[in-house]
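Please treat every number below as a calculation from the coordinates, not as lab data. All values derive from a computational prediction rather than experimental measurement. Ideal geometry is used to build each Cβ from the backbone, glycine not excepted, and the neighbour counts take in all protein chains shown.
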Amino acid sequence: MPTPTFTFQNGAALITGLIFLVVLTLISLSAIKSTSLEERMAGNARDQDLAFQAAEAGIREAMQNLAALNNNPNAFVAGCSSDGLCLTDPVTPVWTSITWTASDSKAYTGTLTALSTQPRYIIELVPNTVAAFGSSAATGKGITSGAQLTPYRITARGWGMTGQTQATVQATVIY
């Protein structure tokens, strides 16, 4: 009767398999981290876009309100009122120091869904007047009637879905 022979394995397949699993795990963790980061970046970009669009809506409403005032500078008071009308100093604009609350700015009257806070805006009457467009003393061309135009600066602030994202937009309107 022949004697049985035993072959011994050194465990090379086990070690190779474990190394392969570790490498796959590291690749998977890297992919998950990258995907998570990209998702957060996309969410932040969307939130910033919503805040910007909200501020733009505030600018549009402020322009409508300004047109309804019929270029009446007497409606503006020093500082800012709760209706968002402000008389400002061109050197130190009001929008740099207000708190964007109900006492110093006007809330957007429409409804923008999915936002944490409705946009707010102010309309500043810049106290100096500028010559009408096209008039030029040097060339003698343009408007010669001495017409004066009144500049207004509209500033609107919008917030995104989280309330932590803000966008501020300005427009200058001359009547």
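Diffusion coefficient (Stokes-Einstein, Kirkwood radius over C-alpha pairs, 37 °C, 0.692 mPa s) for the range 47-108: 258 µm²/s, rounded to a whole number. Computed over the alpha-carbon pairs of the range 1-119, the distance histogram in 5 Å steps reads 2, 8, 10, 12, 11, 7, 6, 5, 4, 4, 4, 4, 4, 3, 3, 3, 2, 2, 2, 1, 1, 1, 0, 0, 0 percent, short to long. Please report the net charge: other residues with Cβ closer than 13 Å to the Cβ of GLN170, K and R +1, D and E -1. Summing Lys and Arg as +1 and Asp and Glu as -1 gives 0. By the count of neighbouring beta-carbon atoms within 10 Å, fewest first, PHE20, PHE52 end up ordered PHE20, PHE52. Taking the number of Cβ atoms within 10 Å of each Cβ as an exposure proxy, the fewest-first ranking of SER97, SER116 is SER97, SER116. Over the range 33-111, Cα pairs under 8 Å with separation of 6+ residues give a relative contact order of 22 percent.
Peptides 151-160, 56-65 ranked from most to least packed by the mean count of surrounding Cβ atoms within 10 Å: 151-160, 56-65.
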